[in-house]
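Everything on this sheet refers to the single structure shown next.
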Amino acid sequence: MLILGRCVLGTILAAATLTPGSELASHRAIYELKLAQTRGNSPPVSARGRILYDFSGSACEGYALQFRQVSELDNGEGKVTLSDLRSTTWEDGAAKKFIFKSQNYLNETLIDSVDGQAERQRDKVAVSLTQPAAKTFDLEVGMVFPTDHMRRIIEAAREGKNILELPVYDGSEKGEKVYDTLTVIGPVIAPNERVPNDAAAGKAALASLKRWPVTVSYFDKTTRSGDPTPVYAIKFEVYENGVSRALVLDYNDFAISGELTAIELRDTAPCK
């Protein structure tokens with residue numbers, strides 16, 4: 001598998017740029033993907049791709065994300081697989097409502113679409129899907145949505161915590177997948193330490209900020225008790241304002257690195 005479940009990755013990268021006033025700031029970024037490591041019996045011999053996303057909104061209006069990941073995987077035996085994941089999401093600023101829509105293309109053929117929403121109620125999270133088929137079901141009330149998940153990671157880092165465990169619903173796998181997540185937060189990196197050499201370098205908005213190395217492991221909630229191995233993990237460095245760099249997507253048999261090659265931070269209007 002070369003692409004992450006629906007919109008998890010896009011939200012991890014884009015959804016939680018916190019300003020000093022705890023608002024989520026808008027930004028647009030590009031990551032160039034390449035093969036970083038191989039393991040297992042039949043790993044790919046090469047991989048390349050790109051992630052593009054655009055995040056905007058406020059605590060008053062909610063947060064919108066437009067995300068696209070295009071990846072090409074070569075198994076070295078003449079088989080090249082091209083995947084193209086496109087998604088748009090919107091999440092209420094109070095983390096009470098999550099709307100998601102995605103299309104997954106494989107070798108330029110649409111293989112599935114998901115369209116639905118989830119709403120937090122007093123004693124449950126109610127999910128309603130229109131694609132791939134009309135369906136409703138309920139999740140535990142403690143389930144968190146992707147933007148809120150990232151926001152909690154940053155809050156935990158600021159508080160000096162190094163472990164965070166939360167169940168996450170992101171609308172992946174035909175809109176029915178639920179993950180248990182384990183986040184490990186490393187020691188803080190001061191502004192003058194390990195100065196980046198990617199697109200984050202020279203950005204005045206980032207130069208004086210601390211950052212943390214973070215690994216988020218995603219476990220299949222239905223099978224975790226019998227298998228402690230995560231489905232995949234996302235590693236990155238996150239600044240205290242939420243901008244992420246030094247991305248690694250770990251799929252167990254192989255890992256893909258994502259270099260931040262462009263980033264544009266935009267002003268976000270404060271709530272009135």
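The values are calculated or read from the model by the stated rules, or taken from the named source; none is laboratory data. Everything numeric in this text was worked out from a predicted model, so none of it was measured. Cβ atoms come from the backbone with ideal geometry, glycine included; neighbour counts cover every protein chain shown. Calculation scope for accessible area: heavy atoms of the full protein, side chains included, ligands and nucleic acids excluded. Shrake-Rupley method; radii C 1.70, N 1.55, O 1.52, S 1.80 Å.
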*Yes or no: residue 201 open to solvent by 20 Å² or more (accessible area, probe 1.4 Å) and part of a loop (DSSP other than H, G, I, E, B)?*
yes
_Going by what's in this entry, would residue 133 be described as out of contact with any helix residue (DSSP H, G or I) (no Cβ under 8 Å at 6 or more places or on another chain), open to solvent by less than 60 Å² (accessible area, probe 1.4 Å), part of a strand (DSSP E or B) and of a type in the set (A, V, I, L, M, F, W, C)?_
no
*Do you know which residues across region 76-92 are of a type in the set (S, T, N, Q) and open to solvent by 60 Å² or more (accessible area, probe 1.4 Å)?*
88
*Those residues that are open to solvent by 20 Å² or more (accessible area, probe 1.4 Å) and part of a helix (DSSP H, G or I), I need them from region 150-171; list them, please.*
151, 152, 155, 158
*Within region 69-81, is there a residue that is modelled with pLDDT under 85 and over 20 Å from residue 256 (Cβ atoms)?*
yes
*Show the residue pairs that are 6+ apart or on different chains and have beta-carbon atoms under 6 Å apart, the first residue being within region 229-243 and without any contact (Cβ under 8 Å) to a residue 24 or more places away in the chain, the second being crowded, with 19+ Cβ neighbours inside 10 Å and not acidic (Asp, Glu).*
233/217
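Yes/no per residue for (1) touching a strand residue (DSSP E or B) at 6+ places or on another chain (Cβ under 6 Å); (2) touching a residue at least 24 places away in the same chain (Cβ under 8 Å):
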{"residue": "105", "(1), (2)": "yes, no"}
{"residue": "109", "(1), (2)": "no, no"}
{"residue": "130", "(1), (2)": "yes, no"}
{"residue": "143", "(1), (2)": "yes, yes"}
{"residue": "161", "(1), (2)": "no, yes"}
{"residue": "172", "(1), (2)": "no, yes"}
{"residue": "178", "(1), (2)": "yes, yes"}
*Does residue 138 meet the test of being open to solvent by 20 Å² or more (accessible area, probe 1.4 Å), within 21 Å of residue 55 (Cβ to Cβ) and assigned to a strand (DSSP E or B)?*
no
*Would you mind finding the one in 140, 159, 165 that is touching a Ser or Thr at 6+ places or on another chain (Cβ under 8 Å) and of a type in the set (Asp, Glu)?*
165
*How many residues, within region 120-130, are assigned to a strand (DSSP E or B) and open to solvent by 80 Å² or more (accessible area, probe 1.4 Å)?*
1
*Do you know which residues across region 172-189 are open to solvent by 80 Å² or more (accessible area, probe 1.4 Å) and modelled with pLDDT of 95 or more?*
187
*Assess whether residue 194 counts as being in a helix (DSSP H, G or I) and open to solvent by 20 Å² or more (accessible area, probe 1.4 Å).*
no
*Looking at (1) in contact with a helix residue (DSSP H, G or I) (Cβ under 8 Å, 6 or more places away or on another chain); (2) open to solvent by less than 60 Å² (accessible area, probe 1.4 Å), can you tell me which one residue 209 breaks?*
(1)
*asked:* What's the total number of residues in region 42-89 that are closer than 27 Å to residue 254 by Cβ, in contact (Cβ under 8 Å) with a residue 40 or more places away in the chain and assigned to a loop (DSSP other than H, G, I, E, B)?
replied: 3
*Would you please name the residue that is farthest from the chain's Cα centre (by Cα), looking only at residues in region 93-103 that are within 15 Å of residue 170 (Cβ to Cβ) and either free of Cβ contacts under 8 Å to residues at least 60 places away in the same chain or surrounded by fewer than 18 Cβ atoms within 10 Å (Cβ to Cβ) (or both)?*
97
